[in-house]
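No value in this document is a laboratory result; all are computed from the given coordinates. Nothing here was measured: the structure is a model prediction, and the numbers come from that model. Here the Cβ positions follow ideal geometry from the backbone for every residue, glycine too, while neighbour counts run over all protein chains shown.
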Amino acid sequence: MLGSRDDLTEDILKSSKKEPKLIFQEKAKCPRCGSLSLVIKEYIYSVPYFGEILLSQGECERCGYKYRDVRILNATDPKKIIINVNGEEELRYLLVKSATSAILIKEKGYKMLPGPASMGFITTVEGILLRFLEAAHVACRGRELEPGCKDNIEWLKRAIDGHEKFTLIICDFDGTSSVKGKNVLETSIDSECEELRGESLQYLYGR
Ligand SMILES: [Zn+2]
């Protein structure tokens, strides 16, 4: 997936003017195979648009398990980021989505909840839609013509082409996500975000 249109992480990190600084390295227990062979590294990158970014990555030397998180280094207070998407301009907004934040497309109820397999990444609003479209294709495999699937896939395609207006919400629970663009509002975490947090916890610990 690296380098594809829904993930600009590598492109943005590569545009760093300074060499990345390795600030942490350790071997830890791998969550998949349980052996003490997960190499964790943390780097600080200085990149355009966002300033300093913390990249955490882990790779297991034994089973190949990998994770990655990307966060802005100077965390803000927890916040709700609201993007009113009217068309192509907002689709190009760049965002850092850290592993712990949740995403909601309000009008459609599409959600990306943080969980054990969550990664952090840098993308655009369009990139978020592409991820939802990919998820819809996977969920709808073999049922593409059923009304629910068809409507969602068609809506996402129109939105990607800039023909739908919608509200993209990022619940940034630890203040490590960021969006660059004009039509962006930031408020404090509210009940809508708390509901998403509740759903993520149910997902983690069962009902
Ligand atoms: Zn492993």
Quiz prompt | Dipole of the range 1-151, positive direction: furthest Cα of 70, 82, 9, with charges on the beta-carbon | solution = 70
Quiz prompt | Debye, to nearest 20: dipole size of the range 56-207, +1 on Lys, Arg Cβ, -1 on Asp, Glu Cβ | solution = 280
Quiz item: How large is log10 I(q)/I(0) at q = 0.15, 0.16 Å⁻¹ when the Debye formula is applied to the Cα atoms of the chain, each weighted equally and without solvent?
Solution: -1.03, -1.16
Practice problem: Beyond 18 Å between alpha-carbons counts as too far, so tell me which of 108/157; 97/180; 97/157; 80/180 fall in that bin. | Solution: 97/157
Quiz prompt | Long-range HN-HN contacts of residue 99 with modeled amide H, under 5 Å | solution = 70, 120
Exercise. Report, to the nearest 10°, how far helix 125-139 tilts away from the longest principal axis of the Cα atoms in the chain, using its own Cα long axis and a range of 0 to 90°.
Key: 80
Exercise. Rank 193, 171, 30 by mean-square fluctuation in a GNM of the chain with C-alpha springs under 10 angstrom and give only the top-ranked residue.
Key: 30
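Using only helices, what value at 222 nm comes out for the chain when you add -39,500 (n - 2.57) per DSSP H run of length 4 or more and divide by the total residues, to the nearest 500 deg cm²/dmol?
Only helices count here, giving -8000 deg cm²/dmol.
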Self-check item: Low-density loop cleavage sites - chymotrypsin sites (Phe, Trp or Tyr not before Pro) in the range 20-113, where at most 10 other Cβ are within 10 Å (DSSP)
Solution: none
Practice problem: Identify the trypsin sites (Lys or Arg not before Pro) of the range 92-158 meeting these criteria: DSSP loop state and at most 11 other C-beta atoms within 10 Å of the C-beta. | Solution: 141, 143
Quiz item: How far apart, in nm, are the 7 Å Cα→Cβ label points at residue 180 and residue 143?
Solution: 4.0
Practice problem: Starting with the fewest neighbours, write out 119, 112 ranked by other beta-carbon atoms found within 10 Å of each beta-carbon. | Solution: 119, 112
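The range 11-103: which GluC sites (Glu not before Pro) are DSSP loop and have at most 15 other beta-carbon atoms within 10 angstrom? Show your work: numbers first, answer last.
Values: sites: 26, 42, 52, 59, 61, 88, 89, 90; in loops: 61.
Here the sparse-neighbourhood loop sites are 61.
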Quiz item: Looking only at 22, 145, 185, which one moves most when the chain is put into a Gaussian network model with springs between Cα atoms under 10 Å?
Solution: 145
